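Taking it in order: structure first as structure tokens, then the write-up.
The values are calculated or read from the model by the stated rules, or taken from the named source; none is laboratory data. Here the structure is a predicted model, which is why all the values come from computation and not from measurement. Reconstructed Cβ throughout: ideal geometry from the backbone, glycine too, with neighbour counts over all protein chains shown.
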Amino acid sequence: MSARFIIKGGKKIAGTIDVRGSKNAALPIIAATVLTEEPCRISNVPRVLDVERMLSILERMGGVIKREGNHAVTIQNKNLDIEALKSDTVKQLRASILFLGPLLTRFGKVTMRYPGGCKIGARSIDTHLTALRDLGGHVRLGRKYFSVEFPEGTSPPSALTLKEFSVTATENVMMFLSSIPRTTCLKIAASEPHIQDLAKFLSKMGARIRGAGTSNVAIKGVRTLSGASHRIVSDYIEAGTFLLLALGTRGNVRIKNAPISQLDLVLKTLIANGARINLNERESVIETRGGIEDRDFTKIQILPYPGIPTDLQSAFGVLAAQTKGATLIHEPLYENRFHALKELTKMGARVKILDPHRALVYGPSKLKGVNGITIQDLRGGAALVIAALIARGTTILYNAKEVERGYEDIVGRLRALGADIEKV
Ligand code: EPZ
């Protein structure tokens, strides 16, 4: 049987919680280390399943990984054998696609297994492949494997427009272009904080990147990138998750290492709706004092950064179930990300799924503990953990491992806040 969380809800939540390094920054930065044969030291790496899987794929390729304590690694990729990209592990992790761009600069041709299936929508790797094709790459699609090749002498164009604001496609292209010794303009680039963090790392390796964090990025590559040392940015999604958890449970929580300026619209939306929050930007601390007034959100509009992130959509849904009136949740990005809201109805929430992209959540609802909540994806799982902490009685959530893909030691850290949660 899959691992379960058993949560007794209704306990007082209070205390301090530290935000760890960003998973979605660590993943491309680990991939970017293959751009050089020199050692790279990365600190503030979150100890989560997805990061462990990424490191293990790199190790199978021949990368040498030395760990220092729980959160730092030194990686040196001298002799790599990319046959390992055909293994099953690649299939388990969607982010394995991030090895494609940087490895192409080193090998010219990469054949790999299709990266993991996606439970939250029909995400394909099409944006990545179209971008590489537009840069002059030859793409071949097989049943189990696909390959991309840049024949000797390919001269990529000086401007590239992505098909959509794709986060990992932007990262793949930025890594690829960092080794091309000329300036390329990337348009319709995604701008999430993890992309900005990757740009900082690539700049330390020797590339010159202007505009990261906007939709127009200029990348001036160099033929030989060097090793670099980097501290991963704090995870704004983890900070946002803890914030919504604290407000939903009406807790008094001090969230440390919170990247406040990356949560502008999240904070504005919450504060405008009566959330009792103190912000200390200088010290990167967010404090909650007893929840959110019984106001009506009306609409939660999900958008690429700097909009309200899709990765917080489910947790906002849980909070909407605690506030008065109907909240429309508009999720334009994924077409299968309302699973957590559906599960929430088993706990007593009133939710109407209007279509794959819009849901109405009516509140306030008194949530009750239920044995038999299924976690489908990482962020939906975190939202259901929040719901179970709010609910009266015991909730048993199945497929706990999903949450561990992205939240380090979630059980230990929530217990330290007074939560009654265990994993069995
Ligand atoms: C990244 O995935 C993240 N993964 C995801 O994190 C995150 O949900 C997602 O970006 C969106 O922020 C990593 O960083 C490793 P996409 P990615 O290509 O790059 C649609 C987590 O739990 N879309 O940006 O694979 C697009 O078609 C996760 O940590 C539009 O419709 O995602 C796709 O269905 C899961 N229009 C979805 O959004 C646009 O303009 C995400 O696309 C842009 C995107």
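Condition check ((1) out of contact with any Leu (no Cβ under 9 Å at 6 or more places or on another chain); (2) surrounded by 16 or more Cβ atoms within 10 Å (Cβ to Cβ); (3) of a type outside the set (Ser, Thr, Tyr); (4) touching a residue at least 40 places away in the same chain (Cβ under 8 Å)) across all residues:
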| residue | (1), (2), (3), (4) |
| --- | --- |
| 323 | yes, yes, no, yes |
| 354 | no, no, yes, no |
| 366 | yes, no, yes, no |
| 384 | no, yes, yes, yes |
| 392 | no, no, yes, yes |
| 395 | no, yes, no, yes |
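Which of (1) under 29 Å from residue 197 (Cα atoms); (2) surrounded by 16 or more Cβ atoms within 10 Å (Cβ to Cβ); (3) in contact (Cβ under 8 Å) with a residue 40 or more places away in the chain is the odd one out, the single condition residue 267 does not satisfy?
Answer for residue 267: the failing condition is (3).
Which residue, of 254, 337, 250, is among the basic types (Lys, Arg) and within 25 Å of residue 377 (Cβ to Cβ)?
337
Here is a list of conditions, (1) buried (at least 20 other Cβ atoms within 10 Å of the Cβ); (2) among the β-branched types (Val, Ile, Thr); (3) assigned to a helix (DSSP H, G or I), and residue 253 meets all of them except one; can you say which number that is?
(3)
Assuming residue 88 fulfils every condition listed in (1) at pLDDT below 95; (2) touching a helix residue (DSSP H, G or I) at 6+ places or on another chain (Cβ under 9 Å); (3) more than 16 Å from the ligand (Cβ to nearest atom) apart from one, which condition is it?
(2)
Out of the stretch 385-417, which residues are within 13 Å of residue 6 (Cβ to Cβ) and either within 16 Å of the ligand (Cβ to nearest atom) or charged (D, E, K, R) (or both)?
385, 400, 415
Which condition breaks for residue 273 when tested against (1) surrounded by fewer than 24 Cβ atoms within 10 Å (Cβ to Cβ); (2) closer than 26 Å to residue 420 by Cα?
Going through the list (1) surrounded by fewer than 24 Cβ atoms within 10 Å (Cβ to Cβ); (2) closer than 26 Å to residue 420 by Cα, residue 273 breaks only (2).
Could you count how many residues in the stretch 1-29 are touching a strand residue (DSSP E or B) at 6+ places or on another chain (Cβ under 7 Å) and of a type outside the set (Gly, Ala, Ser)?
Residues in the stretch 1-29 being touching a strand residue (DSSP E or B) at 6+ places or on another chain (Cβ under 7 Å) and of a type outside the set (Gly, Ala, Ser): 12 in total.
Look through the stretch 98-119, keep the residues that are crowded, with 22+ Cβ neighbours inside 10 Å and within 10 Å of the ligand (Cβ to nearest atom), and return whichever of them is modelled with the lowest pLDDT.
The qualifying residue modelled with the lowest pLDDT is 115.
So that you can scan it fast, the table gives a plain yes or no per residue for (1) within 24 Å of residue 413 (Cα to Cα); (2) without any contact (Cβ under 8 Å) to a residue 40 or more places away in the chain:
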site	(1), (2)
225	no, no
235	yes, no
250	yes, no
258	yes, no
275	yes, yes
298	no, yes
307	no, no
326	no, yes
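Can you find a residue in the stretch 295-309 that is in contact with a Lys or Arg (Cβ under 6 Å, 6 or more places away or on another chain) and either within 26 Å of residue 49 (Cβ to Cβ) or of a type outside the set (D, E, K, R) (or both)?
Within the stretch 295-309, not a single residue is in contact with a Lys or Arg (Cβ under 6 Å, 6 or more places away or on another chain) and either within 26 Å of residue 49 (Cβ to Cβ) or of a type outside the set (D, E, K, R) (or both).
Checking residue 290 against (1) surrounded by 16 or more Cβ atoms within 10 Å (Cβ to Cβ); (2) in contact with a strand residue (DSSP E or B) (Cβ under 9 Å, 6 or more places away or on another chain); (3) within 20 Å of residue 387 (Cα to Cα), which single condition isn't satisfied?
Of (1) surrounded by 16 or more Cβ atoms within 10 Å (Cβ to Cβ); (2) in contact with a strand residue (DSSP E or B) (Cβ under 9 Å, 6 or more places away or on another chain); (3) within 20 Å of residue 387 (Cα to Cα), only one is false for residue 290: (1).
Taking only the stretch 9-65 into account, find how many residues are small (Gly, Ala, Ser), touching a residue at least 40 places away in the same chain (Cβ under 8 Å) and more than 16 Å from residue 168 (Cα to Cα).
The total comes to 6.
For the stretch 257-376, give me every one of the strands (runs of 3 or more DSSP E) that falls completely inside it and has 2 or more residues that are away from the ligand (no atom under 16 Å from the Cβ).
It comes to 275-280, 285-292, 325-330, 350-355, 358-363, 371-374.
Just for helices (runs of 4 or more DSSP H) wholly inside the stretch 377-418: which have at least 2 residues that are among the acidic types (Asp, Glu) and in contact with a helix residue (DSSP H, G or I) (Cβ under 6 Å, 6 or more places away or on another chain)?
401-404
Among the strands (runs of 3 or more DSSP E) confined wholly to the stretch 133-248, which include 1 or more residues that are within 13 Å of the ligand (Cβ to nearest atom) and surrounded by fewer than 16 Cβ atoms within 10 Å (Cβ to Cβ)?
Result: 159-161, 183-187.
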